[in-house]
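Novice: Here you go, one structure.
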Amino acid sequence: MGRRVVPLTLDNLADLPASCRSCVFWELDPVSGRQAVDEGKAEAEKEGWISAVLLEWGSCGRLVYVDQEPAGFVLYAPPAYVPRSQSFPTSPVSPDAVQLMTGRVLPGFQGQGIGRVLVQQVAKDLLGRGFRAIEAFGAVGGAQSSCLLPADHLRAVGFKTVRPHHRFPRLRLEARATLSWKGGAEGALERLLGAGRKEPVLRPF
């Protein structure tokens, strides 16, 4: 079984799930996000966002393929490129970290260690760019959303809470820590980036 991980570019953007190609939860502020969805411009806004980040910062995602089939992806960027991150009560993301926005392992490919591979690839990329950590806004209890990763699952793979909150804690994973991961984190990563989410709903916090 052949497996390869590649940077996200405009050329392979079409390999993201359709719901993710038109999701601008993180890429736009709440008001602009709702407007883009209402006007049917969300997919164009997403492409424009990725194009801008590629030009200014570089690749902001990773795609994994298994036997040439898209199997999963992850999106990440410095918080300056993530307007929605400013809407959280536990912001801002630390200056030495990049925000893990969202990710998914597609149905049929879970349980193969793909989640772990994706997060490790992100960590290696960030270390090469001078960043020390990955941070994410976790969801607790009723705060679950299609574009928010569950806080319990983030903790299960090594993230530590750096700013507590009853709904949206901010968590941090030191990038170097991922390079020595063993198989124990694999199941939690598959849940963390699992595919069982509904269509994103844009709403202010």
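The values are calculated or read from the model by the stated rules, or taken from the named source; none is laboratory data. The model shown is predicted, which means the values in this text are computed figures rather than measured ones. Cβ placement follows ideal geometry from the backbone for every residue including glycine, while neighbour counts extend to all protein chains displayed. All accessible areas refer to the heavy atoms of the entire protein, side chains included, with ligands and DNA or RNA removed. Shrake-Rupley method; radii C 1.70, N 1.55, O 1.52, S 1.80 Å.
Novice: Could you say whether any residue in segment 45-62 is in contact with a Ser or Thr (Cβ under 8 Å, 6 or more places away or on another chain), farther than 22 Å from Ser87 by Cα and outside any loop (DSSP other than H, G, I, E, B)?
Specialist: Yes - at least one qualifying residue is present in segment 45-62.
Novice: If a residue must be open to solvent by less than 20 Å² (accessible area, probe 1.4 Å), assigned to a loop (DSSP other than H, G, I, E, B) and touching a residue at least 60 places away in the same chain (Cβ under 8 Å), how many such residues does segment 80-112 contain?
Specialist: Residues that pass the stated criteria total 3.
Novice: I'd like the residue in segment 132-143 that is open to solvent by less than 40 Å² (accessible area, probe 1.4 Å) and at pLDDT 85 or above and, out of all such residues, is farthest from Trp26 (Cα to Cα).
Specialist: Among residues in segment 132-143 that are open to solvent by less than 40 Å² (accessible area, probe 1.4 Å) and at pLDDT 85 or above, the one farthest from Trp26 (Cα to Cα) is Ala133.
Novice: Out of all the residues in segment 157-177, is one or more modelled with pLDDT of 90 or more, open to solvent by less than 10 Å² (accessible area, probe 1.4 Å), over 20 Å from Pro89 (Cα atoms) and within 17 Å of the chain's Cα centre (by Cα)?
Specialist: Scanning segment 157-177, I find at least one residue that is modelled with pLDDT of 90 or more, open to solvent by less than 10 Å² (accessible area, probe 1.4 Å), over 20 Å from Pro89 (Cα atoms) and within 17 Å of the chain's Cα centre (by Cα), so the answer is yes.
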